[in-house]
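A short write-up of the structure that comes next.
The values are calculated or read from the model by the stated rules, or taken from the named source; none is laboratory data. Fair warning: this is a prediction, and the values are worked out from it, not measured in the lab. Note: ideal-geometry Cβ built from the backbone for every residue, glycine included; neighbour counts use all protein chains shown.
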There are 2 protein chains.
Amino acid sequence: MPYRPTARTQARQADNARRLLEQAQRLVAAQGFGAVSIASVAEAAELATGTVYRYFPSKAELLAKVFERAAAREVEVMATQAAAEGTATQRIRAALYEFSARALRSGRLAWALLAEPIDPAIEHERLRFRRAYSAILQGLIEEGIAAGELPPQATATVAACIVGALGQALLGPLADDTEDQDTAVRTAVDFCIRGLYREGPIHADA
Amino acid sequence: MPYRPTARTQARQADNARRLLEQAQRLVAAQGFGAVSIASVAEAAELATGTVYRYFPSKAELLAKVFERAAAREVEVMATQAAAEGTATQRIRAALYEFSARALRSGRLAWALLAEPIDPAIEHERLRFRRAYSAILQGLIEEGIAAGELPPQATATVAACIVGALGQALLGPLADDTEDQDTAVRTAVDFCIRGLYREGPIHADA
DNA sequence: CGAAGAAATGAATCGTGATTCAGTCCTTTC
DNA sequence: GAAAGGACTGAATCACGATTCATTTCTTCG
């Protein structure tokens, strides 16, 4: 019975799969999901286009896996921040800075995960990601409320506001003609933190 | 010298062009730019696909025109709000409610204008739109600062935060599992207004 | 080494939708 | 009514990228 894949062969295959995911993620981070083609991933991974299909049944599944891995990493980082020491406010602030720092560092990856419209097959992953992400923020805000640091509020909506505000300020097209990035981050995070408090003339009915 | 287009013919042509833009916009509002095909626009306007090209040199230019018209309308509405009576804070609040109301009413149009990635040829229009939009918000905020109602701040970044917060809260995928829309609007607008004030423990360094 | 498969290759195929264009229909003018 | 063009049509063409698959190359093992 000649030829049965051995450990060495399987190791090479594992490496191929890893390289494909790695390069696909690199492309996503550089240009977003939309700019990724099977051919470009294959070339970056130094394989032929057809070979990609030995490892992933379709482009959608490859991208879904990329999404899942990247998202899991982000959520984990955020969760770690959330579990740190300090008041809820301090942890929220730390989490938002971390979010900002990673978003800026990751190029388009953050945008791709949060906002880029993609294959419906991937939207499912995105929903899970957002739920997880938002849940962490919501959890922190709820802790703050429970501790009396923050006033009661619709945490889901507020969490969405925060993600949107930071995303737009740091990643959106408006982020161009802005001061330097550090200043923008500080401004945006302060904006969000203030938004969680009840101070200020809220009910000037207009 | 037989046949020279007359007023009647030209009127029919103007009507064709108008219908094409109208139907294209309807499709964009319903499903976003991505879902618009030349064939679908032509069918909706009751013309043959080829005829579209007698009125617009390419799909990109048709969509750019659609974008421009829709954006101009939005900016005008916002500008009107901004020119109303009242304190800067009141006008900001009114403008944000107007923004929210229109965004919710327009279906995907607001998302298409603000966020949907499209042909690079259209990004140019979007940039002008955002500039105009953001400029109005910035103007209001700056008035508020001049009047002593608001503390000095990086208005460009803050304006971006507001657009992002409202957009995410009202249009984003997170907007699903939320309370009813009125509540979400109120929560998001309050969040943004508070963000403009300096109250609250901003510098709890964490 | 040589047979038996497995893995990899990349050119060909397919599907989708924008764009073109030869043919047809309409308007205008005499 | 008929000639002269313009406007309209929609099937054919093109472009682009995902997917397939016949062929080639590589591995394993007797």
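For B:E116, are the conditions met, namely being more than 15 Å from the chain's Cα centre (by Cα), away from DNA strand D (no atom under 16 Å from the Cβ) and assigned by TED's automatic domain parsing to the domain that holds B:I162? Against the criterion (more than 15 Å from the chain's Cα centre (by Cα), away from DNA strand D (no atom under 16 Å from the Cβ) and assigned by TED's automatic domain parsing to the domain that holds B:I162), B:E116 does not qualify. Checked against (1) assigned by TED's automatic domain parsing to the domain that holds B:I136; (2) in a helix (DSSP H, G or I), B:Q13 passes all but a single condition, namely (1). Looking for whichever is within 13 Å of DNA strand D (Cβ to nearest atom), more than 14 Å from chain B (Cβ to nearest Cβ), under 28 Å from A:S134 (Cα atoms) and of a type outside the set (K, R) here; the options are A:L47, A:L62. Which one fits? Within the list A:L47, A:L62, the selection yields A:L62.
Yes or no, residue by residue, for (1) more than 16 Å from DNA strand C (Cβ to nearest atom); (2) touching a Phe, Trp or Tyr at 6+ places or on another chain (Cβ under 8 Å); (3) not assigned by TED's automatic domain parsing to the domain that holds A:L140:
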{"site": "A:Y3", "(1), (2), (3)": "no, no, yes"}
{"site": "A:Q25", "(1), (2), (3)": "yes, no, yes"}
{"site": "A:S37", "(1), (2), (3)": "no, no, yes"}
{"site": "A:T49", "(1), (2), (3)": "no, no, yes"}
{"site": "A:A82", "(1), (2), (3)": "yes, no, no"}
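A:A204 meets each of the listed conditions (1) at pLDDT 90 or above; (2) surrounded by fewer than 20 Cβ atoms within 10 Å (Cβ to Cβ) apart from (1). The single condition from (1) assigned by TED's automatic domain parsing to the domain that holds A:Y133; (2) within 12 Å of DNA strand C (Cβ to nearest atom) that A:A71 fails is (2).
Going by the structure shown, is B:V28 part of a helix (DSSP H, G or I), within 14 Å of chain A (Cβ to nearest Cβ), over 29 Å from B:T155 (Cβ atoms) and of a type outside the set (G, A, S)? In short, yes. When we screen B:D177, B:D190 for residues that are at pLDDT 85 or above and either at the interface with chain A (Cβ under 7 Å from one of its Cβ atoms) or within 18 Å of the chain's Cα centre (by Cα) (or both), the only hit is B:D190. At least 3 residues being of a type in the set (A, V, I, L, M, F, W, C) is the threshold, and among the helices (runs of 4 or more DSSP H) wholly inside region A:35-107 those reaching it are A:38-44, A:59-82, A:88-105. Is region A:1-23 home to any residue that is of a type outside the set (V, I, T), within 11 Å of DNA strand D (Cβ to nearest atom) and buried (at least 19 other Cβ atoms within 10 Å of the Cβ)? No, that holds for no residue. Within region A:75-97, does at least one residue satisfy the condition of being free of Cβ contacts under 8 Å to residues at least 60 places away in the same chain, out of contact with any helix residue (DSSP H, G or I) (no Cβ under 7 Å at 6 or more places or on another chain) and under 30 Å from B:G32 (Cα atoms)? Within region A:75-97 (the criterion being free of Cβ contacts under 8 Å to residues at least 60 places away in the same chain, out of contact with any helix residue (DSSP H, G or I) (no Cβ under 7 Å at 6 or more places or on another chain) and under 30 Å from B:G32 (Cα atoms)), the answer is no, since none of the residues qualifies. Within region A:105-116, at least one residue is free of Cβ contacts under 8 Å to residues at least 24 places away in the same chain and either more than 9 Å from chain B (Cβ to nearest Cβ) or in contact with a strand residue (DSSP E or B) (Cβ under 9 Å, 6 or more places away or on another chain) (or both).
Residues in region B:135-165 that are facing chain A (nearest Cβ under 7 Å) and in contact (Cβ under 8 Å) with a residue 12 or more places away in the chain: B:Q153, B:A156, B:V158, B:A160, B:C161, B:V163, B:A165.
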